[in-house]
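Laboratory data are not the source of any read-out in this text; all were calculated from the coordinates shown. Since the structure is predicted, the reported quantities are computational estimates derived from the model, not experimental observations. Using ideal geometry, Cβ is built from the backbone for each residue, glycine included, and neighbour counts are taken over all protein chains shown.
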Amino acid sequence: MKEFQYNKVTPEIIEQLKEAAPGHVTVGSDINQDFGHDEMEIYGTSMPDVLVEPLTTEEVAAVMKICNDNKIPVTPSGARTALTGGPVSILGGVMISLSKMNKILDYDTDNFVVRVQPGVLLQDLAADALKHDLLYPPDPGEKLAQLGGNVSTNAGGMRAVKYGTTRDYVRAMTVVLPTGEIVHEGATVSKTSSGYSLLNLIIGSEGTLGIITELTLKVIPKPTTTMSLIIPFETLDEAIAVVPLFFKNHLSPQALEFMEKEAVEETEEYLGKKVYPKEVEGTPVNAYILATFDGDSEDQIMDIIEQASDIVTENGALDVLVADTPKLLADAWQVRSALLDAIEANTDLLDECDVVVPINKIPDFLHYAKSLEQDYGFKIKSFFFYV
Ligand SMILES: Cc1cc2nc3c(=O)[nH]c(=O)nc-3n(C[C@H](O)[C@H](O)[C@H](O)COP(=O)(O)OP(=O)(O)OC[C@H]3O[C@@H](n4cnc5c(N)ncnc54)[C@H](O)[C@@H]3O)c2cc1C
């Protein structure tokens, strides 16, 4: 590994940090062990020497300046739900946790934006926006992640197929640079082409260019209705082949998920409930599509559901189940959301790997991944969403 030229945190530096962020600095063994890892401990665990949990941009700036002047490594962290080791202080030094900067500041309903601190949890903004009849569309699987973490990883998620990824919803931000300088990037408008798009450079940069301390995010009017379909297929190839047909027929699903029977069965066992059909009129089911559509009226959504059902049944679907009760809808999505947890619960060692391939290469890739099971003697469970 490359030799990094950083200094150790000294008692004098700790005193400076305590003056910069009074009451928000924890040192050494007083730091909770949770700050030493993210969701993938196999990529390494390591504790910071000092934890700072600031409340303001100015505190972040003062801490960054001290660290920069003294060449102390800094690791920003959100909810530490990353699957990569990104928010782990592998070099020790100072961790700046944004968890306590967790306020939804205000909505501008004329311009369809909301201003938030980076430590607001995704699930809290999602729920709060609905109360204002608005939708914050990005919906990655981990709802306890923070918005600053979502932006820093450009998180995608289940609704990306229709609405795009987190990047598409960031209008403006306040960032503290490594020197401690505070900068504001972006604007509350959809079109701006003045100068370089530094906003887009920072989105997805995983805290390597600066620390995000405020975000202005786009929201949209909440769709009036949504409906999900559970579509079972005998073969994986048939399931995947229907996907382009939704788009060719101008049916724009809000979410489109593919799941193999094996992964669904394991998850249902883990949750203690049976939701998805395993056989339709004597034909075994081996793959599922879970599709969600949204619309602005009951009539519109029923029309979409009818068209989608016709298309899939003409193209190999064994059945179409409309998740039209709140219980079935919740159960269908609970299984989807718990796939990873179920695999984790039944495995000694897990590695989770996000793979991106063009839609028409998905069957080839899945067959290839399956073939590796025999070659290497480990289990590979596949599930994914379309973006
Ligand atoms: C069960 C599960 C499901 C998931 N599903 C999806 C999915 O569907 N799609 C998807 O794209 N991702 C998914 N993820 C990954 C998820 O997007 C990231 O874990 C999440 O966005 C990180 O947010 P966080 O607050 O936990 O940040 P952390 O994990 O704490 O940090 C992530 C990175 O961002 C940096 N960072 C955090 N906050 C800031 C800040 N304010 N300023 C600068 N840098 C910062 C950290 O240094 C680190 O490099 C999933 C993760 C899990 C555990």
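Things worth noting here:
- Hits among lysines - C-alpha to C-alpha of K8 under 29 Å, sequence gap 8 or more where chains match: K18, K65, K71, K100
- Burial ordering of L98, L350, fewest other beta-carbon atoms within 10 Å first: L350, L98
- Rounded to the nearest 20 debye, the dipole size of region 225-385 about its Cα centre is 160 debye, using +1 on the Cβ of Lys and Arg and -1 on the Cβ of Asp and Glu.
- Calculated log₁₀ intensity ratio I(q)/I(0) where the Debye formula runs over C-alpha points of region 168-230, q = 0.13, 0.14, 0.19 Å⁻¹: -0.45, -0.50, -0.73
- Under 14 Å, Cβ to Cβ, from D30 - net charge with Lys/Arg +1 and Asp/Glu -1: -2
- Once you reduce region 308-357 and region 84-104 to the center of their Cα atoms, the two points are 32 Å from each other.
- At 1.306 mPa s and 10 °C, Stokes diffusion of region 298-387 via Kirkwood alpha-carbon radius, µm² per second: 97 µm²/s
- Built amide H within the under 5 Å cut-off of N154, gap 5+: G204
- The chain: radius of gyration over Cα atoms, expressed as a fraction of 2.2 N^0.38 Å: 1.09
- Zone of I42's modelled label, taken as backbone nitrogen in region 342-358 under 19 Å from a point 7 Å along Cα→Cβ: 342-356
- Pairs beyond 28 Å (Cα-Cα), from K143/K222; K261/K327; K131/K248; K162/K381: K131/K248
- Over the chain, DSSP H runs of length four or greater, each weighted -39,500 (n - 2.57), average out per residue to a 222 nm ellipticity of -9000 deg cm²/dmol.
- Rg ratio (alpha-carbon, reference 2.2 N^0.38 Å) - region 225-385: 1.05
- A simple spin-label model places pseudo-atoms 7 Å from Cα toward Cβ; at T26 and S193 they are separated by 4.9 nm.
- Using a simple spin-label model with pseudo-atoms 7 Å out from Cα toward Cβ, T84 and L201 lie 1.8 nm apart.
- When its C-alpha radius of gyration is set against 2.2 N^0.38 Å (N residues), region 104-221 gives a value of 0.99.
- Viscosity 1.002 mPa s, 20 °C: Kirkwood-radius Stokes-Einstein D of region 11-97 over Cα pairs, µm²/s: 166 µm²/s
- Other residues with beta-carbon under 13 Å from the beta-carbon of P137 carry, at +1 per Lys or Arg and -1 per Asp or Glu, a net charge of +2.
- Cβ-based net charge around G164, under 14 Å, with every Lys or Arg adding one and every Asp or Glu removing one: +3
- Taking one quarter of the surface of the C-alpha convex hull of region 338-387 gives a mean projected area of 3.9 nm².
- Taking amide H positions as modeled 1.01 Å from N, with prolines and chain starts lacking one, the residues under 5 Å from K222 and 5 or more places away or on another chain are L134, L135.
- Theoretical FRET efficiency, 1/(1+(r/R0)^6), r = Cβ-Cβ of E58 and K222, R0 51 Å, to 0.05: 0.90
- Available extension along the chain between D237 and I359 is 42.8 nm, counting 0.36 nm per residue and deducting the alpha carbon span.
- Along principal axes, Cα extents of region 13-53, largest first, whole Å: 36, 15, 14
- Each label point was placed 7 Å from the Cα along the Cα-to-Cβ direction; for K379 and D303 their separation is 4.6 nm.
- 3J(HN,Hα) from dihedral phi, region 102-107, Karplus parametrisation 6.51/-1.76/1.60, rounded to Hz, x for glycine, proline: 10, 9, 7, 7, 6, 9
- Rounded tilt (10° steps) of 326-337 against the dominant C-alpha axis of the chain: 60 degrees
- Mean Cβ count within 10 Å, highest first, over the residues of peptides 278-285, 15-22: 15-22, 278-285
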